[in-house]
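Q: The structure under discussion is supplied below as C-alpha cells; questions concerning it will follow.
The values are calculated or read from the model by the stated rules, or taken from the named source; none is laboratory data. Please read all numbers here as calculations on a predicted model, not as lab measurements. All Cβ positions, even for glycine, are placed from backbone atoms using ideal geometry, and neighbour counts span all protein chains on display.
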Amino acid sequence: MKVACIGAGPGGLFFATLLKRSRPDAEVVVFERNRPDDTFGFGVVFSDATLDAIDAADPVLSEALEKHGRHWDDIEVRVHGTRERVGGMGMAAVVRKTLLNLLQERARAEGVQMRFQHEVCDPAELDDFDLVVVCDGANSRFRALFADDFGPTAEVASAKFIWFGTTYLFDGLTFVHQDGPHGVFAAHAYPISDSLSTFIVETDADSWAGAGLDAFDPSAPPGTSDEKTKAYLEDLFREQIDGHTLVGNNSRWANFATRRASSWRRGKWVLLGDAAHTAHFSVGSGTKMAMEDAVALAEALREAPDSVPDALDLYEERRRPKVDRIQNSARPSLSWWEHFGRYVRDLDDPTQFAFHFLTRSIPRGKLAVRDAAYVDRVDEWWRRRHEAGPLKTPFRVGPYRLPSRRVTIGDDRLTGTDGTGIPMVPFSGQPFGAGVWIDAPDTEEGLPLALDQVRETAEAGVLLVGVRGGTALTRVLVAEEARLVHSLPAAITGAYDDDTATTLVLSGRADLVGGSK
C-alpha cells in the first residue's frame, strides 16, 4: 500500500506515524512545501479532558506537554482594571515547533518518508498512490482544486484577529480586554514555554480601521509581520504585559473562517484536519481536532484493510458527527467575540462581565462543577444587589410587577408564578402594547430584520421586548440588542431548565425566562 500525506502539520505527521506502525509494509510519504523547522504561529493549547483518544493511540502529545509544555488550572479574565479567576479548567500548552519536531522524530523512527521543500503541484504526481491524505491546512489548495467533489464552504467572522507571541509570561490562559482610544481590543494569552507566551488579539473592523491598522499589504510574502500593528498593540497593552515586547511570526490581521466540506473524500483523496473543518480558537484546538482525525482515519484503515473506499466511508461516518458538535459548540463563542466590544462597554460590573464571558458556551451548573467557589461568589454578588437568588428576584417595569424571573408565555400575555402578568402583542409595526414579541430568525443572516424591529419597538416607548422562535443563539443576540443597546428589559422563551435560565439572568442576557403554554 502506498499512502501520500500532503502537509507535515501535526495531523499529517501523526496519521503517517500511526499508519506506518500498524502496517509496517506500507510506503508512507509526507510531502511538505516548507523546511522542517519552518512553522507559523506560536503555541498549541489543549484541555486535559480532551486528550484520551490521542493518548490511547500514542502518548507523544502528553509527553510533549509534560516535558516541554506549561500546565495550569485557572483561567483569568481581565477587564476594567480587575482580574477574575476561575479554576478547575486543567489546560496545557506547548510551542508548536517543539511538538512538530517530536512528531517528525516519531514518524522518522517508524520509517515514514518525509520530503520537505517539496510542493505537490500536479495531482497526477500522486497517481500511483493508493491513498492521498490532504492535510495542508485551512487554506488547502487541493480542497479548492477539487471543490466540485469536496463542496467546501466558509463562514467568515466579522471580527479581526492577529497572532503574536510575547516575552511576558502569563501564568495560565488569560483574556485581557482593553478599551483604547480607537475601540476595544482583547487578547487571548497563555504561556507556551519558560520564555514565551502566545498573544492573540481580536477587535472589530471599525476599531481596527480607526486605529489605522488596515495599511499592511496582505500580498507581502509569508513570514513578513505587520510591524505597525505590533508597535500599536505593544503600547495599548503595555501595562498588561509589563512593558514586554511582542514577537512576530507571519503576524498579520485576518478574519476567522469556519470551514466545512459537504464531503471529506474524492475517490482515493481524503481531507483531514483544518483542510476539512475549522472551529474558532476560543473554544477548541485545531491541532487536537487534526490529531483526533488522524486516529480515526488510521483506525478505519485498520478495520477495513482491503478497501480504501470502505475505510474512508467509515472514517467520515464516525468522525463527522463529532466535528459537527465541536463546530456547533464553537459558534456561540465565536459570536461572543464578534460582539465583545459591546459587552466590555455595557457590562460595566467586572463580576457580571466575567460570568457573561465564561458562560458564552457553558451554563452555570457546569462551571460550578469546575469551580464551585467561583460560582458562589457570583451568586453572592447578585444577592447583594437584589436580596434574592436570580430566578427568585422580583421583576418590575412600569406599573407591572412579577414575583420572580420565571414566567409562562402566551401570545397575548407574559404570566408570573402568582398569576399576574404583562400584556404582549406581536410585532406588527403599529400599534404597540406594554410588551412586544420579536421573532428571532432561524439563522444569523436574518438578524438585521429582527434588530430593526427591536429598534422600532424601543422608539415606540414599549416597556419590554419578548424574544421567541429562532435558535438559542439568535434569541440571545436579539435580547442583548434590546437590553444593551436600547436599555429595554427582555424576556426569552425556550426549553430552558432552571440552570440555563439562571445563567441567562445572572449573566445579563435576559431579565425573564419562560416556556410556552
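Q: Does segment 147-173 hold any residues that are more than 20 Å from Glu202 (Cα to Cα), out of contact with any Pro (no Cβ under 8 Å at 6 or more places or on another chain) and surrounded by fewer than 22 Cβ atoms within 10 Å (Cβ to Cβ), and which are they?
A: Pass one, segment 147-173, residues more than 20 Å from Glu202 (Cα to Cα): 147-153, 171.
Those still in the list that are out of contact with any Pro (no Cβ under 8 Å at 6 or more places or on another chain) too: 147-153.
Result: Ala147, Asp148, Asp149, Gly151, Pro152, Thr153.
Q: Return yes or no: is Glu456 in contact with a Gly (Cβ under 8 Å, 6 or more places away or on another chain) and either under 27 Å from His80 (Cβ atoms) or among the acidic types (Asp, Glu) (or both)?
A: Yes: the conditions hold for Glu456.
Q: Tell me, which strands (runs of 3 or more DSSP E) wholly within segment 399-517 include 1 or more residues that are of a type in the set (Ser, Thr, Tyr)?
A: 400-402, 406-409, 413-415, 490-493, 512-516
Q: Kindly list the number of the only condition in (1) at pLDDT 95 or above; (2) in a helix (DSSP H, G or I); (3) surrounded by 15 or more Cβ atoms within 10 Å (Cβ to Cβ) that fails for Cys5.
A: Condition not satisfied by Cys5: (2).
Q: Of all residues in segment 228-242, count the ones that are assigned to a loop (DSSP other than H, G, I, E, B) and in contact (Cβ under 8 Å) with a residue 40 or more places away in the chain.
A: The total comes to 4.
Q: Would you check if there is a residue in segment 420-435 being of a type in the set (A, V, I, L, M), touching a strand residue (DSSP E or B) at 6+ places or on another chain (Cβ under 6 Å) and within 26 Å of Val156 (Cβ to Cβ)?
A: Taking every residue of segment 420-435 in turn, none turns out to be of a type in the set (A, V, I, L, M), touching a strand residue (DSSP E or B) at 6+ places or on another chain (Cβ under 6 Å) and within 26 Å of Val156 (Cβ to Cβ).
Q: Counting only residues that are over 24 Å from His80 (Cβ atoms), give me the helices (runs of 4 or more DSSP H) lying completely in segment 269-378 with at least 3 of them.
A: Filter on segment 269-378 gives 286-303, 308-338, 364-370.
Q: Moving on to the next point. Anything in segment 492-517 that is among the basic types (Lys, Arg) and modelled with pLDDT of 95 or more? List them, or say none.
A: Result: Arg509, single match.
Q: Of everything in segment 43-72, what is more than 19 Å from Ala279 (Cβ to Cβ) and buried (at least 16 other Cβ atoms within 10 Å of the Cβ)? Give them in sequence order.
A: Within segment 43-72, Ala57, Asp58, Val60, Ser62, Ala64, Leu65, His68, Gly69, Arg70, Trp72 meet the criteria.
Q: Can you report the number of residues in segment 409-458 which are of a type in the set (S, T, N, Q), within 29 Å of Pro394 (Cβ to Cβ) and over 32 Å from the mean Cα position of the chain (by Cα)?
A: Within segment 409-458, residues that are of a type in the set (S, T, N, Q), within 29 Å of Pro394 (Cβ to Cβ) and over 32 Å from the mean Cα position of the chain (by Cα) number 4.
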